[in-house]
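J.: Have a look at this one before I ask anything.
The values are calculated or read from the model by the stated rules, or taken from the named source; none is laboratory data. Remember, it's a predicted structure, so these values are computed and weren't measured experimentally. Reconstructed Cβ throughout: ideal geometry from the backbone, glycine too, with neighbour counts over all protein chains shown. To get the accessible areas, we keep the full protein, side chains included, count just its heavy atoms, and leave off ligands, DNA and RNA. Shrake-Rupley method; radii C 1.70, N 1.55, O 1.52, S 1.80 Å.
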2 protein chains.
Amino acid sequence: MTHSVPPPPRPATAPAPSELAWVPFVSVQNMMALINGIGLETALRELADYIEADFRRWPDFDKTPRVASHSRDGVIELMPTADAESYGFKYVNGHPANLKAGFQTVTAFGVLASVANGYPLLLTEMTVLTALRTAATSALVGRLLAPKGARTMAMIGAGAQCEFQALAFRAICGIETVRIHDIDPAATAKALRNLARHGLEAVACGSAQDAVEGAEIVTTCTADKQNATILTDNMIGAGVHINAIGGDCPGKTELHRDILLRAGIFVEYPPQTRIEGEIQQLAPDHEVTEIWQVLRGEAEGRRDAAQITLFDSVGFAIEDFSALRWVHDRARAAGCVERLDMLADPDDPRDLFGMLDRAAG
Amino acid sequence: MTHSVPPPPRPATAPAPSELAWVPFVSVQNMMALINGIGLETALRELADYIEADFRRWPDFDKTPRVASHSRDGVIELMPTADAESYGFKYVNGHPANLKAGFQTVTAFGVLASVANGYPLLLTEMTVLTALRTAATSALVGRLLAPKGARTMAMIGAGAQCEFQALAFRAICGIETVRIHDIDPAATAKALRNLARHGLEAVACGSAQDAVEGAEIVTTCTADKQNATILTDNMIGAGVHINAIGGDCPGKTELHRDILLRAGIFVEYPPQTRIEGEIQQLAPDHEVTEIWQVLRGEAEGRRDAAQITLFDSVGFAIEDFSALRWVHDRARAAGCVERLDMLADPDDPRDLFGMLDRAAG
């Protein structure tokens, strides 16, 4: 299904790197080959299982707020986390203006490393992988909180996340119909074409109001960096589950505050969500429930059929950690790994200088 | 002098990654080819120039304390910094017990990225590069603070940093003789062999006391993670410059506290050095001078010929940033760059899903 690249040629005078020097690398092409080889919906289900397993052992993790470097046009973030065996981090940028210049708004890569000796175990693209882990997390939480028997999802925003969300909710929650609205009809048309190839019934809707009609689940994934009101209070009826993806940094929200006041609110990691999520609109002590506690049976999920539930999703480092574990477990057997000469490994660890000297021949 | 690797083969069905998808990569082999091609001492001088240039514009940088993940056996750190144009970070581990298991105590890699769009500009090995930037920083500070006409340096510790320090002090400060002591005679012998090949006079010394005899500069670069006393007060005479490299994390120091009380102390970034450096032994308000202020003429360097000066070096993110800039400027022209398919770059940035689908053929 894919390729394994031979090690790069070396100058004739340089000794070959030792086995310890190689870091497994999953390129974009190999990530796509891995996902397509496994099958997208199977991959989404497997990722949801990895994320659920890690959320269930939440107290085992070293949790650090992401380290953000803000500039006029965007942000570059490092998102590290670790358990007793493994350390992972993701590099991710967010530059809304990139779209107009023909660049991706978000690109990402990540590393999994051994806590015991600090050596990287995996370097991988994470732009595609993040799209999958975000959708898998949404659908995992949807399975936990959405009303029983939900079959229709509204989707406001038809950007890069749209189709991943739709297929994750089919694979994991049994959604049969998606009602899509985007302010750009071309974006909606793109999503409809893509979903048609996967046999999912998708309906183009002229407004957000139209899209939420009859939907038990409402997903918002719009991209503008501003306080927007994608959903107003009158659009959300009793019992609906809201999956709010787009509001994920300070000053960027999608829901009218009145919806938040009516909803049971579920979050990944409160210290981060209170800054980045929809709940930045609320008092800093407004009650929220942590997803991991619901998964462990330590907190209540949906209270009753009439409750409005809201997953105020901003993305958390543990989801990336789970995704890195999944790639590490799956990519080698699938032949989707190259190897990079990224670690200096002299014969005598104290003789880094001698290694450099010998390379000169 | 080296090689440029062709892009990896792709499945026949997948479209070729676009130009934006490629991230320049400098492997260990290519880093060694770059340094050996330029010449080690020239490379050290160029690095010192880059570091000096960045220290002189210190206020332009976004300075963040490193993000450390500590475990029983060591630490994994991310060291980010940025100016208005570029963002850089280094991944580095420190695992003292690795040596016995045949692994490097410290390995590192790093990334330089564009602040404007968040795209990585360079991924590079940094184990070898860090050895050079540490030595270049030490010698740059030595040129600033050491007594005029210094020709002899004592070196306590003959580990991985030893030869880089010795040659940097020759290239940048005019040192002619190095007097080396290590508790392991085999380590000293290794250093003598390596330095002999580079024509630097090196003398094996039976004790630290012996090594400092007649030396105007004393470099300590030992590796044990403990509060050690490599230098005692009686060993340091008037006018000596101490370059203390090995004490670089909480609980790891090399100098007796009495030396610190007699010395003018110079540091990179006080908030970090007070936690990690020799001055963790002192009161949190003990006076220190920042190197960048001396370089800009905003603070006094060596006061007089009799003053003991101490560079309490722990390594700071801006030095890595300078080193990343140097590699970025130098590696491509030298043919020492491969390219990695690390960024997903769909034709339509909103259609990441379509790119994945098309890769399936």
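J.: Taking the highest mean first, how do the peptides B:309-320, B:78-89 order by number of other beta carbon atoms within 10 angstrom per residue? Please list the in-between numbers first.
T.: Working: B:309-320: 25.6, B:78-89: 21.4.
Highest mean packing first, the order is B:309-320, B:78-89.
J.: Sorted from largest down, what three extents in whole angstroms do the Cα atoms of segment B:64-132 have along their principal axes?
T.: Its Cα atoms span 44, 22, 18 Å along the three principal axes.
J.: Also: Which FRET efficiency, nearest 0.05, do residue A:177 and residue A:49 yield, Cβ-Cβ r, R0 25 Å?
T.: Working: r = 25 Å, r/R0 = 1.01.
About 0.50, to the nearest 0.05.
J.: Using each residue's phi in segment A:84-99, evaluate 6.51 cos²θ - 1.76 cosθ + 1.60 at θ = phi - 60° and report the 3J(HN,Hα) Karplus result to the nearest Hz, with x for Gly and Pro.
T.: Here the 3J(HN,Hα) series is 5, 9, 10, 10, x, 9, 10, 9, 8, 10, x, 9, x, 6, 4, 3 Hz.
J.: So, one more: Taking only the alpha carbons of chain B, what extent do you get along each of the three principal axes, in Å, biggest first?
T.: Ordered largest first, chain B gives principal extents of 75, 43, 40 Å.
J.: Any idea what the residue A:237 label distances to the other copies are, label 7 Å down the Cα→Cβ vector, nm, shortest first?
T.: Going from nearest to farthest copy, the values are 9.3 nm.
J.: Where does the protein assembly as shown land on Rg/Rh, using Cα atoms and the Kirkwood Rh?
T.: Details: Rg = 27.7 Å, Rh = 27.1 Å.
Using only Cα positions, Rg/Rh for the protein assembly as shown is 1.02.
J.: Normalise the Cα radius of gyration of segment B:135-316 by 2.2 N^0.38 Å (N = residues in it) and let me know the number.
T.: On the way: Rg = 14.9 Å, N = 182, 2.2 N^0.38 = 15.9 Å.
Dividing the Cα radius of gyration by 2.2 N^0.38 Å gives 0.94.
J.: On to the next question. Once the label point is placed 7 Å from Cα along Cβ, list for residue B:149 the distances to the corresponding points in the other copies, in nm, shortest first.
T.: Nearest to farthest, the other copies are at 9.7 nm.
J.: Turning to a different aspect of this structure: Would you rank B:50, B:91 by solvent-accessible area, highest first, keeping every protein chain in place and using a 1.4 Å probe?
T.: Of B:50, B:91, the descending order of accessible area is B:50, B:91.
J.: Something else: Treating the point 7 Å from Cα along Cα-beta-carbon as the label, what are the nm separations from residue A:298 to the other copies, to one decimal?
T.: Label-point separations across copies, in nm and ascending: 4.7.
J.: What is the percent carbon and sulfur in the accessible area of the protein assembly as shown, measuring with a 1.4 Å probe over the protein chains and ignoring ligands?
T.: Working: 12850 of 25090 Å².
Roughly 51 percent, rounded to a whole number.
J.: Mind checking the angle between helix B:28-38 and chain B's longest principal axis? C-alpha axes, 0 to 90 degrees, to the nearest 10.
T.: Between helix and principal axis, roughly 60 degrees.
J.: Would you mind calculating the relative contact order of segment B:101-183 from Cα pairs under 8 angstrom and at least 6 residues apart, reporting the percent as a whole number? Show your work: numbers first, answer last.
T.: Numbers: 96 pairs, mean separation 21.5, N = 83.
Relative contact order of segment B:101-183: 26 percent.
J.: A follow-up question, please. Treating the angle as unsigned and between 0 and 90°, give the value, to the nearest 10°, between the Cα long axis of helix A:127-145 and the longest Cα principal axis of chain A.
T.: Tilt relative to chain A: about 40 degrees.
J.: Also, I was wondering about something else. Given the rule -39500 (n - 2.57) for each run of at least 4 DSSP H residues, summed and divided by the residues of chain A, what is its mean residue ellipticity at 222 nm, to the nearest 500 deg cm²/dmol?
T.: When only DSSP H runs of four or more count, the value is -9500 deg cm²/dmol.
J.: Rounded to the nearest 100 Å², what is the sum over both chains of accessible area buried where B meets A, with a probe of 1.4 Å? Show your work: numbers first, answer last.
T.: Numbers: alone 16310 and 16340 Å², together 25090 Å².
Buried area (both sides, nearest 100 Å²): 7600 Å².
J.: Can you tell me the orientation of helix B:162-173 relative to chain B, as the angle in degrees between its alpha-carbon axis and the longest Cα principal axis, to the nearest 10?
T.: Computed tilt is about 80 degrees.
J.: Name the residues of segment B:67-93, by number, that are at least 10 Å² less accessible with every protein chain in place than in the isolated chain; the surface is that of heavy atoms, probe 1.4 Å, without ligands or nucleic acids.
T.: With the partner chains in place, segment B:67-93 has these residues losing at least 10 Å²: B:67, B:69, B:71, B:73, B:76, B:78, B:80, B:87, B:89, B:91, B:93.
J.: Between residue A:229 and residue B:184, what's the calculated FRET efficiency when r is the beta-carbon distance and R0 is 51 Å? Round to 0.05.
T.: Values: r = 69 Å, r/R0 = 1.34.
Approximately 0.15, to the nearest 0.05.
J.: Starting from the Cα coordinates of segment B:209-282, work out the convex hull volume and express it per residue in Å³.
T.: Per residue, the Cα convex hull of segment B:209-282 comes to 82 Å³.
J.: Just for the protein assembly as shown, what percent of DSSP beta bridges are antiparallel, to the closest 5? Write down the numbers at each step before the final one.
T.: Working: 62 of 122 bridges.
In the protein assembly as shown, DSSP labels about 50 percent of beta bridges as antiparallel.
J.: Using only the Cα atoms of segment B:181-238, what semi-axes does the equivalent ellipsoid have when each is the square root of 5 times a gyration tensor eigenvalue? Give whole Å, largest first.
T.: Working: eigenvalues 88, 49, 17 Å².
Semi-axes, largest first: 21, 16, 9 Å.
J.: Still on this structure, I have one more. Give me the 1.4 Å probe accessible area per residue for the protein assembly as shown, excluding ligands and nucleic acids, in Å².
T.: Accessible area per residue: 35 Å².
J.: Another question, if that's okay. Which whole-Hz ³J(HN,Hα) couplings does segment A:195-206 yield from phi under the Karplus relation 6.51 cos²θ - 1.76 cosθ + 1.60, θ = phi - 60°, glycine and proline marked x?
T.: So the J values, rounded to whole Hz, are 6, 4, 4, 9, x, 9, 6, 10, 10, 7, 10, x.
J.: Further question: Once amide H atoms are placed 1.01 Å from N in the peptide plane, what residues at a sequence separation of 5 or more from residue B:151, or on another chain, have their amide H within under 5 Å of its amide H?
T.: Close amide H contacts, sequence-distant or interchain: B:216.
J.: Length gain on complete extension for the stretch residue A:19 to residue A:360, per 0.36 nm per residue less the alpha carbon to alpha carbon distance?
T.: 120.7 nm
J.: For segment A:284-298, what does the Karplus curve 6.51 cos²θ - 1.76 cosθ + 1.60, with θ = phi - 60°, yield as ³J(HN,Hα) per residue in whole Hz, taken in order and with x for Gly and Pro?
T.: Listing the rounded values in order: x, 10, 4, 5, 9, 10, 8, 3, 4, 6, 5, 4, 8, x, 9 Hz.
J.: Moving to a separate point now. Got a sec? What order do B:229, A:188, B:42 fall in by accessible area at 1.4 Å, biggest, i.e. largest, first?
T.: Details: B:229 75, A:188 10, B:42 50 Å².
I get B:229, B:42, A:188, largest accessible area first.
J.: Still on this structure: Which residues' amide hydrogens lie under 5 Å from the amide hydrogen of residue A:316, considering only partners 5 or more residues apart or on another chain, with H built in the peptide plane?
T.: none
J.: Roughly what % of DSSP beta bridges within segment A:138-315 run antiparallel, to the nearest 5? Could you put the intermediate results ahead of the total?
T.: Values: 1 of 29 bridges.
Counting DSSP beta bridges with both partners in segment A:138-315, the antiparallel share is about 5 percent.
J.: For segment B:326-351, list whatever residues lose no less than 50 Å² of accessible surface once every protein chain is in place, relative to that chain by itself, with the probe at 1.4 Å.
T.: With the partner chains in place, segment B:326-351 has these residues losing at least 50 Å²: B:341, B:342, B:344, B:349, B:350.
J.: Going down the list B:63/B:100; A:100/A:190; B:100/B:252, which pairs span over 26 Å between their C-alpha atoms? Could the numbers behind the result be given before it?
T.: On the way: B:63/B:100 35 Å; A:100/A:190 17 Å; B:100/B:252 19 Å.
From the list (B:63/B:100; A:100/A:190; B:100/B:252), the Cα-Cα distance tops 26 Å for B:63/B:100.
J.: What do you reckon, how do A:241, A:328 stack up by accessible area (1.4 Å probe), largest on top?
T.: Greatest to least solvent exposure: A:328, A:241.
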